[in-house]
Amino acid sequence: MDITSAKEFFQSLHGAKSKIISPIAKEITERLQFLVDVGLHYLALARSADTLSGGEAQRLRLATQIGSKLSGVMYILDEPSIGLHARDQERLIKTLGILRDLGNSVIVVEHDPQTIRAADWVVDIGPGAGKEGGKVMFEGTPKELLKSKSLTGEYLSGRKKISKFEFRNPKQIQNSKFHKDLPRGDKIQNLVVRDASEHNLKNIDVKIPLGKFVCVTGVSGSGKSSLVNDILAKALRRHYHNAHTVPGAHQKIEGLEHLDKALIIDQGPIGRTPRSNPATYTGAFNAIRDLFSETREAKARGYSAGRFSFNVKGGRCEACEGQGLKKIEMYFLPDVYVECDECKGTRYTKEVLDIGYKGKNIAEVLSMTVLEAAKFFTNIPALSQKLEVLLKVGLSYIELGQPAPSLSGGEAQRIKLALQLSRKATGKTLYILDEPTTGLHFEDVNKLLKVLFELVSHGNTILVVEHNLDVIKNADWIVDLGPEGGDKGGYIVAEGVPFDIIKNKQSWTGKYL
């Protein structure tokens with residue numbers, strides 16, 4: 001039973017004659033209402049905790065705090081809007097307001113425009129990311145932010161927009177070039193999922209136009225992940241990669257002959273240990289090691305490219321085995337990493353660090369940001385190409401040797417996307433991304449969309465599960481699920497171009513668009 005159904009059941013017991021049942025039912029109903037207020041109405045009561053997303057787990061803890069009714073507490077939330085539809089975000093904002101009105105302070109790290117506009121006070125950090133950030137660009141009320149020259153203020157006020165074309169009304173668009181590109185008619189090839197019935201999906205047939213930017217939308221719990229991740233992604237992994245995954249319940253998938261591969265780019269980490277980093281994952285590190293091995297001093301000492309690897313014996317620091325960090329097991333707490341005493345975090349022996357390329361040793365190169373490295377290696381085509389792609393996806397600020405565990409899910413996803421962009425495109429690839437805008441500022445969303453549209457322009461298909469309205473309004477085609485979450489979801493409420501969704505009065509997505 002989902003939380004909404006459970007709440008209705010216990011509400012029906014309020015008026016029970018028994019003096020024992022009524023107060024207990026009332027208490028249970030109040031606690032379930034807290035979960036509804038933070039947008040978790042679609043979760044089953046028996047849902048396992050390890051299957052919850054980060055945003056869901058955070059909101060669950062928030063619901064607990066509302067029930068405690070404490071005052072004089074400072075609450076700090078990091079992007080509680082993750083995985084929330086615009087409608088459910090309104091509920092969350094009201095809940096945060098209740099916490100504030102109880103006499104608490106609520107500090108939220110957030111990119112969601114609804115949340116920023118509802119705040120009492122805004123602190124905007126910038127102007128860029130990484131080494132280019134760290135300054136207070138603005139502080140004041142949301143109204144004052146709209147008039148400011150900060151990047152956040154520019155987007156919130158509408159002076160800057162995330163758009164691949166002017167968002168025009170249906171009459172204007174009839175004669176526009178954009179209208180000719182819409183996925184209508186027999187010429188468009190489609191991927192069709194027949195009779196999808198996994199979890200709460202109601203035996204629906206879903207059409208995905210190929211060669212387009214397609215968004216799957218809907219309120220939280222409407223069945224988006226069941227359709228895209230549990231059915232389509234698993235079926236494609238099995239079809240193209242012979243994976244032993246078992247797809248969710250469906251009859252068949254039509255149109256696979258129009259594709260030659262499918263890539264699922266999720267937000268899972270690019271590695272579990274500090275050995276993994278952007279340079280190793282993208283293959284840039286191989287080119288860097290080759291460069292160092294070609295220097296005069298390296299040749300004189302007989303150092304091959306392997307000497308500059310921190311994953312094998314030879315040039316690495318053996319005290320930390322090339323990790324630069326030592327792991328301290330805390331048993332009942334998460335493991336802690338501390339800097340290696342021997343190499344001071346450089347990962348290498350002193351002999352290897354003596355070898356320089358253009359005045360920099362291998363450790364100093366790994367500590368460069370992508371932007372710094374792109375300028376440093378501008379004359380090395382094999383390397384600059386990989387770095388340019390990382391710049392394209394908005395990762396100019398991360399370090400080449402930044403340990404994988406320190407990267408956010410959104411950063412890991414964009415590194416994976418950059419790796420695919422650096423490979424030769426076939427034009428018949430389906431890319432699946434689940435909420436790629438998580439943790440992204442408006443400016444970063446703009447950069448990401450440009451990259452995705454570039455892939456589409458080469459004939460590829462982008463399929464995105466998304467709640468971000470700026471992304472949705474720029475889609476070529478939208479499949480909107482709902483109308484609610486849980487058992488009341490799983491239907492196709494609307495499908496078509498953005499204007500088709502806007503015109504549909506049953507669609508919550510259309511209302512907010």
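Summary table below
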| read-out | value |
| --- | --- |
| Cβ pairs under 8 Å, 6+ apart, first in the stretch 96-125 and within 18 Å of residue 145 (Cβ to Cβ) and of a type in the set (S, T, N, Q), second assigned to a helix (DSSP H, G or I) and open to solvent by 40 Å² or more (accessible area, probe 1.4 Å) | 114/90 |
| Looking only at the stretch 5-46, and only at residues there that are more than 17 Å from residue 67 (Cα to Cα) and surrounded by 15 or more Cβ atoms within 10 Å (Cβ to Cβ), the one that is modelled with the lowest pLDDT | 13 |
| Odd one out for residue 268, checked against (1) modelled with pLDDT under 90; (2) more than 30 Å from residue 191 (Cβ to Cβ); (3) part of a loop (DSSP other than H, G, I, E, B); (4) of a type outside the set (S, T, N, Q) | (2) |
| Residue that is of a type in the set (Gly, Ala, Ser) and closer than 30 Å to residue 402 by Cβ, where the choices are 118, 57, 63 | 57 |
| Yes/no for residue 331 being among the aromatic types (Phe, Trp, Tyr) and free of Cβ contacts under 8 Å to residues at least 24 places away in the same chain | yes |
| So residue 469, is it open to solvent by 10 Å² or more (accessible area, probe 1.4 Å), among the hydrophobic types (A, V, I, L, M, F, W, C), in contact (Cβ under 8 Å) with a residue 12 or more places away in the chain and under 24 Å from residue 114 (Cβ atoms) | yes |
| Residue 101 vs. criteria farther than 17 Å from residue 437 by Cβ, at pLDDT 90 or above and in contact with a Phe, Trp or Tyr (Cβ under 8 Å, 6 or more places away or on another chain) | no |
| In the stretch 71-90, the residues that are of a type in the set (A, V, I, L, M, F, W, C) and in a helix (DSSP H, G or I) | 86 |
| Members of the stretch 237-270 found to be over 18 Å from residue 433 (Cβ atoms) and in contact with a strand residue (DSSP E or B) (Cβ under 6 Å, 6 or more places away or on another chain), listed by number | 250, 251, 252, 253, 254, 255 |
| Tabulated pairs, the stretch 274-286, first within 18 Å of residue 409 (Cβ to Cβ), second among the polar types (S, T, N, Q) and open to solvent by 10 Å² or more (accessible area, probe 1.4 Å), C-beta under 7 angstrom, 6+ apart or interchain | 274/323; 277/402; 278/402; 282/422 |
| In the stretch 210-251, the residues that are within 20 Å of the chain's Cα centre (by Cα), open to solvent by 40 Å² or more (accessible area, probe 1.4 Å) and either among the hydroxyl-bearing types (Ser, Thr, Tyr) or more than 18 Å from residue 263 (Cβ to Cβ) (or both) | 225 |
| Cβ-Cβ under 6 Å pairs, at least 6 apart or on other chains, the stretch 373-396 side within 18 Å of residue 408 (Cα to Cα), far side open to solvent by 70 Å² or more (accessible area, probe 1.4 Å) | 394/447 |
| Residue check, residue 311 within 30 Å of residue 381 (Cβ to Cβ), part of a loop (DSSP other than H, G, I, E, B) and open to solvent by 40 Å² or more (accessible area, probe 1.4 Å) | yes |
| Candidate set: the stretch 297-308, residues that are assigned to a loop (DSSP other than H, G, I, E, B) and touching a helix residue (DSSP H, G or I) at 6+ places or on another chain (Cβ under 9 Å); chosen: the one nearest to residue 380 (Cα to Cα) | 304 |
| Identity of the residue in the stretch 271-296, among the charged types (D, E, K, R) and assigned to a loop (DSSP other than H, G, I, E, B), that ends up least open to solvent (accessible area, probe 1.4 Å) | 275 |
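The values are calculated or read from the model by the stated rules, or taken from the named source; none is laboratory data. Keep in mind that this is a model prediction, so the values were computed, not measured. Using ideal geometry, Cβ is built from the backbone for each residue, glycine included, and neighbour counts are taken over all protein chains shown. Note: areas computed on protein heavy atoms with side chains; ligands, DNA, RNA excluded. Shrake-Rupley method; radii C 1.70, N 1.55, O 1.52, S 1.80 Å.
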